[in-house]
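Chemist: Can you keep this structure in mind? I'll have questions shortly.
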Amino acid sequence: MPDIPLTMIVLLCLAALAAGWIDAVVGGGGLLLLPVLLLGLPSHTPAAHALGTNKAVAIVGTTGAAVTYARKAPVDVRTAVRIGLAALAGSSAGAFLAAGMSTEVLKPVIMVVLLGVAAFVILRPAFGTAPATGPATRRQILAAIGLAGLGIGFYDGLIGPGTGTFLVLALTAVLHLDLVTASATAKIVNCCTNAGALATFAWQGAVLWQLAALMAVFNLAGGTLGAHTALKKGSGFVRVVLLTVVFALVANMAYEQWLA
């Protein structure tokens, strides 16, 4: 592990705790955790090590949230796993390409998409508040595998932050789930995207395992607490957090694109 001051280690652990809570409720924990890692690690540390360590931390909190949700929310685990396997393949491919591809061109496109999503959620107050009317059709499942699995999985390996938020939105829109059930399903899928990307980064030797293990304890606590909060507060609460995270993600990307 690189030489990091104790105060920075404490800050990293607190960021992991908060990121775990955010990620469990609506996704987007990487929006907080990855920038803090990039700031907290010594300047000579390769960026890939921050990405790999982020995945090693996030997979623990995501797994804790997924287990909590699966016990108490009406999750179709079989469908979630099928989407997740596609996401694992997509994230592995994205992680392989991450080292040699500039993501700067993609960020303005992603910002426009996020703003469009935010406008849709604001103008459609009922979005994600009604429970699913029945089991998903074969066409819906295939669409979810393609969009939420391969597409968003690839994005997770290539760029990362906001993946959980994209998954919640895609699953709500495609499978007609309420936001709590979509968050629960997204956690199972996100476990697979994290596993695919983490395996690639670990193979490349780009994970700071000691630091990741310490931060993962706090991320797990935050993820478990966040899942309990979402289950208790319901879809209305998740909707507010969703919009907050979307606007924060857009602001973060805009800053990195034009001001940093």
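Chemist: Being modelled with pLDDT under 90, open to solvent by 10 Å² or more (accessible area, probe 1.4 Å), small (Gly, Ala, Ser) and farther than 21 Å from residue 95 by Cα narrows it down to one of 173, 182, so name that one.
Modeler: The match here is 173.
Chemist: Taking into account only those residues within segment 111-121 that are exposed (fewer than 13 other Cβ atoms within 10 Å of the Cβ) and small (Gly, Ala, Ser), which is modelled with the highest pLDDT?
Modeler: 119
Chemist: For residue 56, are the conditions met, namely being farther than 19 Å from residue 241 by Cα and surrounded by fewer than 21 Cβ atoms within 10 Å (Cβ to Cβ)?
Modeler: When the stated conditions are applied, residue 56 does not pass them.
Chemist: Still on this structure, I have one more. Checking residue 39 against (1) touching a residue at least 12 places away in the same chain (Cβ under 8 Å); (2) open to solvent by 10 Å² or more (accessible area, probe 1.4 Å), which test does it fail?
Modeler: (1)
Chemist: Here is a follow-up. So which helices (runs of 4 or more DSSP H) stay within segment 1-110 end to end and still have 2 or more residues that are at pLDDT 85 or above and β-branched (Val, Ile, Thr)?
Modeler: 6-26, 47-72, 77-98
Chemist: Test each condition in (1) more than 21 Å from residue 26 (Cα to Cα); (2) surrounded by fewer than 19 Cβ atoms within 10 Å (Cβ to Cβ) for residue 240 and report the one that comes out false.
Modeler: Here residue 240 meets the rest and fails (1).
The values are calculated or read from the model by the stated rules, or taken from the named source; none is laboratory data. Owing to the predicted nature of the structure, the values given are computational and were not obtained by experimental measurement. Every residue, glycine as well, gets a Cβ built from its backbone with ideal geometry; the counts of neighbours run over all protein chains shown. Please note that ligands, DNA and RNA were not included when accessible areas were found on the heavy atoms of the full protein model with its side chains. Shrake-Rupley method; radii C 1.70, N 1.55, O 1.52, S 1.80 Å.
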